[in-house]
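Before any comments, here is the structure.
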2 protein chains.
Amino acid sequence: MKEWALAKVYQLLEPGPVVLLTTARNGRANVMTMSWHMMVEFEPPLVACVVSGNDYSYAALRATKECVVAIPAAHLAQKIVDIGNCSGRDVAKFEKVGLTPLPAECVRAPLIAECFANLECRVVNSRLVNKYNLFVLEVLKAWTDPKQRNPKTIHHHGYGKFVVDGEMIKLKSRMR
Amino acid sequence: MKEWALAKVYQLLEPGPVVLLTTARNGRANVMTMSWHMMVEFEPPLVACVVSGNDYSYAALRATKECVVAIPAAHLAQKIVDIGNCSGRDVAKFEKVGLTPLPAECVRAPLIAECFANLECRVVNSRLVNKYNLFVLEVLKAWTDPKQRNPKTIHHHGYGKFVVDGEMIKLKSRMR
């Protein structure tokens with residue numbers, strides 16, 4: 001065993017699917033790239049995520065307590081990176097990057113037409129926001145695009161390196 | 001767009017790398033399989049995770065406030081599932097499954113020799129434990145096995161289905 005730099009630990013643990021988080025405030029939609037999220041409960045589905053105070057989406061999420069978590073497949077990788085490389089402070093990201101907002105049903109934040117799944121969410125717990133920027137969301141409504149079958153997601157390993165989903169294996173498991 | 005069952009939302013969002021969590025209490029080591037975890041801060045690295053009150057590891061984690069997060073590569077998939085299919089209440093899992101505990105440096109929970117990375121962790125925040133079983137950990141020390149080069153991890157999609165890491169792509173990104 002050899003010591004691993006603490007600063008690079010996140011590159012080991014982070015690799016869940018990269019998602020996009022949309023918000024809307026004062027009629028203006030925004031979208032950011034996010035890899036720091038996890039499930040907290042099966043049903044109703046609760047999701048924790050970290051949105052940095054440096055992100056323009058942070059203030060909108062705090063104020064509106066609503067967002068959409070949209071899951072893009074690998075063919076959107078370039079757009080995912082483009083979204084991460086600019087700020088909603090400076091540009092209208094949907095137009096700039098070329099993504100299509102769709103109206104959601106329960107929240108004002110938009111769905112993203114190009115993503116294979118969209119989850120409408122409400123912030124249900126903010127106790128760790130001041131300390132860690134950690135929001136707990138409840139998924140109110142979930143959508144998938146039936147035309148995108150077996151989509152492959154991407155997993156961020158830091159600095160623009162992404163692993164694309166490979167083969168699926170099946171083992172006998174009692175775990176849900 | 002077609003509605004997606006709320007109960008299956010976790011199958012969309014969960015797929016981070018499957019990890020193993022070890023604990024030690026009263027001289028007895030245990031290990032569980034875990035997919036609900038995310039990074040919270042780069043440095044010092046903070047990690048949030050959900051450990052259910054039904055898991056035998058839960059009481060040990062609460063009492064000792066120490067654990068190791070060990071990351072297995074895909075060749076350990078069968079052992080990962082075997083660990084999830086039994087409880088430390090009934091069996092000594094390391095022996096049963098055939099994994100090798102190694103002494104850690106900062107915590108009493110063991111490293112796992114067969115894993116390509118091991119993170120020694122201390123619980124630093126328990127405010128959401130009662131409500132969500134959500135622990136915030138600080139990684140005190142991290143280890144990797146230099147003999148395991150470019151390990152492929154697995155990502156749980158529910159009920160024993162796992163996606164194995166595929167190809168790595170690189171895009172020009174300003175994101176850390």
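Per residue of B:125-132, how many C-beta atoms from partner chains lie within 10 Å of its own C-beta, taken as a mean?
Other-chain Cβ atoms within 10 Å of each residue's Cβ, averaged: 3.
Sorted from shortest, what are the nm distances separating the label point of A:THR100 from equivalent points in the other copies, each placed 7 Å from Cα along Cα to C-beta?
Ordered by distance, the counterparts are at 5.6 nm.
What are the ³J(HN,Hα) couplings of segment A:62-78, residue after residue, when phi is run through the Karplus curve with 6.51, -1.76, 1.60 and θ = phi - 60°? Round to Hz, x for glycine and proline.
Using θ = phi - 60°, the values come out as 4, 6, 8, 6, 9, 6, 10, 9, 10, 10, x, 7, 4, 5, 9, 3, 5 Hz.
Could you give, in nm with one decimal, how far B:GLY166 is from each other copy of that position, shortest first, with labels 7 Å out from Cα toward Cβ?
The projected label point of B:GLY166 is separated from its counterparts by 1.2 nm.
Computed on protein heavy atoms with a 1.4 Å probe, what is the summed buried accessible area for the chain pair B and A, in Å² to the nearest 100?
Using a 1.4 Å probe, the pair buries roughly 7800 Å².
Around B:GLY53, under 15 Å between beta carbons, what's the net of Lys plus Arg minus Asp minus Glu among the other residues?
+1
Considering amide H positions built from the backbone, and no H for Pro or chain starts, which residues 5 or more places from A:GLU41, or on another chain, come under 5 Å of its amide H?
Placed amide hydrogens put A:LEU46 under 5 Å from A:GLU41.
Could you state how much accessible area A:TYR58 has, in square angstrom rounded to the nearest 10, with a 1.4 Å probe and all protein chains kept in place?
40 Å²
Using the Karplus curve 6.51 cos²θ - 1.76 cosθ + 1.60 with θ = phi - 60°, what ³J(HN,Hα) values do you get for each residue of segment B:45-53, in whole Hz, with x for Gly and Pro?
Per-residue couplings from phi come out as x, 10, 10, 9, 8, 10, 10, 5, x Hz.
So which GluC sites (Glu not before Pro) in segment A:96-176 pass both tests, a DSSP loop state and at most 14 other Cβ atoms within 10 Å of the Cβ?
Counting only loop positions with at most 14 other Cβ atoms within 10 Å, the GluC sites (Glu not before Pro) in segment A:96-176 are A:GLU105.
Would you mind checking which residues have amide H under 5 Å from A:VAL124's amide H? H placed 1.01 Å from N; only 5 or more apart, or other chain.
A:VAL136, A:LEU137, A:GLU138
For the protein assembly as shown, what % of the accessible area comes from carbon and sulfur atoms, probe 1.4 Å?
48 percent
Amide H of A:VAL18 versus every other amide H placed in the peptide plane: which residues, excluding those fewer than 5 positions away on the same chain, fall under 5 Å?
A:ILE154, A:HIS155, A:HIS156
A:LYS152: which lysines have alpha carbons under 18 Å from its alpha carbon, excluding same-chain residues fewer than 8 sequence positions away?
Qualifying lysines at Cα under 18 Å: A:LYS79, A:LYS161, A:LYS170, B:LYS8, B:LYS152, B:LYS161, B:LYS170.
Please turn the phi angles of segment A:106-119 into ³J(HN,Hα) values with the Karplus equation 6.51 cos²θ - 1.76 cosθ + 1.60 (θ = phi - 60°), one per residue in order, whole Hz, x for glycine and proline.
For segment A:106-119, the Karplus curve yields 10, 9, 7, 4, x, 6, 10, 4, 6, 7, 7, 9, 9, 10 Hz.
Given contacts defined as C-alpha pairs under 8 Å and at least six residues apart, what's the relative contact order of chain A, whole-number percent?
25 percent
Cross-link candidates for B:LYS93: which aspartates and glutamates have Cα within less than 17 Å, leaving aside residues fewer than 8 places away along the same chain?
By straight Cα distance, B:LYS93 reaches B:ASP55, B:ASP82, B:GLU114.
Run the reach check for A:LYS65 against lysines, Cα to Cα strictly under 16 Å, same-chain hits fewer than 8 apart removed. What comes back?
A:LYS141
The values are calculated or read from the model by the stated rules, or taken from the named source; none is laboratory data. Since the model is a prediction, treat every value here as computed from it, not as a measurement. Please note: Cβ atoms are built from the backbone with ideal geometry, for glycine as well, and neighbour counts cover all protein chains shown. Areas reflect the complete protein model, heavy atoms only, side chains present, ligands, DNA and RNA absent. Shrake-Rupley method; radii C 1.70, N 1.55, O 1.52, S 1.80 Å.
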